[in-house]
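Reviewing the structure listed below.
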Amino acid sequence: MNNYHRPNFARAIFTTVALAFEILHLGLEYMGGGVQAHHLLARPDLPAISNWWGLLLVPALAWSLSGRVAHRIRKQNPYDTGTRRVSAAIMIAFTASLAYGAALSFAFITSFEGISYIFLGAFAVSLLVPTYRAEYILGFVMGMTFTFGAVLPTIVAIVIASFSRIVHLAFSAAVRLIRGSATPRSL
């Protein structure tokens, strides 16, 4: 197998593992009384979304977001023809966001009073950390899937990631503007 096909092989394995975990999740729910559905904003008057959608959404997210990570790795190392390995920073980001999503889920299950602080903390973290990157989104969604299914965490992750992207773009633009005005102009 040549080096060109290795990233797709790794993506396929990662996607298969994500699908297997989602099948396990839905199997446990099914055996425990039925696959759950969650109402938007936890309001019964709003539509409910079944966890069955996770069978489509989780593998699709795993495939597309791992592709984004692979693309970023290829872009950072364009002349590396060897096996492009996932950096420790990407693994740490994925693991941290997975833990954050799991902590948020655990706080919800246990009716922890400070759950709103944990939730809003994701926005605070987004001010400093680029949570719009694929590894953050995927980790967050995977961390919350066992509690909320895949659809609602994906919606929340999109909102947080969009906030993070806007903040980071605005900060970058401000820095460029300040640098541009700080340089002396020649006559």
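Summary of computed values
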item: Filter result (more than 19 Å from I92 (Cα to Cα), among the hydroxyl-bearing types (S, T, Y) and open to solvent by 40 Å² or more (accessible area, probe 1.4 Å)) within region 113-160; result: S116, Y117
item: Verdict on T110 being of a type outside the set (D, E), more than 15 Å from F14 (Cβ to Cβ) and surrounded by 17 or more Cβ atoms within 10 Å (Cβ to Cβ); result: no
item: Residue list for region 1-52, restricted to those being at pLDDT below 90, open to solvent by 60 Å² or more (accessible area, probe 1.4 Å) and within 16 Å of M144 (Cβ to Cβ); result: Q36, H39, L41, A42
item: Cross-chain or 6+ apart pairs with Cβ under 9 Å, region 89-107 first and in contact (Cβ under 8 Å) with a residue 40 or more places away in the chain, then among the basic types (K, R) and surrounded by 19 or more Cβ atoms within 10 Å (Cβ to Cβ); result: I90/R133; A93/R133
item: Which listed residue, of F163, F171, is without any contact (Cβ under 8 Å) to a residue 60 or more places away in the chain, open to solvent by 30 Å² or more (accessible area, probe 1.4 Å), in contact with a helix residue (DSSP H, G or I) (Cβ under 7 Å, 6 or more places away or on another chain) and not β-branched (V, I, T); result: F163
item: Test for L152: is it over 21 Å from G67 (Cβ atoms) and touching a residue at least 60 places away in the same chain (Cβ under 8 Å); result: yes
item: Y132 without any contact (Cβ under 8 Å) to a residue 40 or more places away in the chain, of a type in the set (S, T, Y) and out of contact with any strand residue (DSSP E or B) (no Cβ under 9 Å at 6 or more places or on another chain); result: yes
item: Residue in region 78-92 that is assigned to a helix (DSSP H, G or I), under 22 Å from R11 (Cα atoms), modelled with pLDDT of 95 or more and touching a helix residue (DSSP H, G or I) at 6+ places or on another chain (Cβ under 6 Å) present; result: no
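The values are calculated or read from the model by the stated rules, or taken from the named source; none is laboratory data. These numbers were taken from a predicted model, which means no experiment stands behind them. Every residue, glycine as well, gets a Cβ built from its backbone with ideal geometry; the counts of neighbours run over all protein chains shown. These area figures cover heavy atoms from the full protein model, side chains too; ligands, DNA and RNA do not enter into them. Shrake-Rupley method; radii C 1.70, N 1.55, O 1.52, S 1.80 Å.
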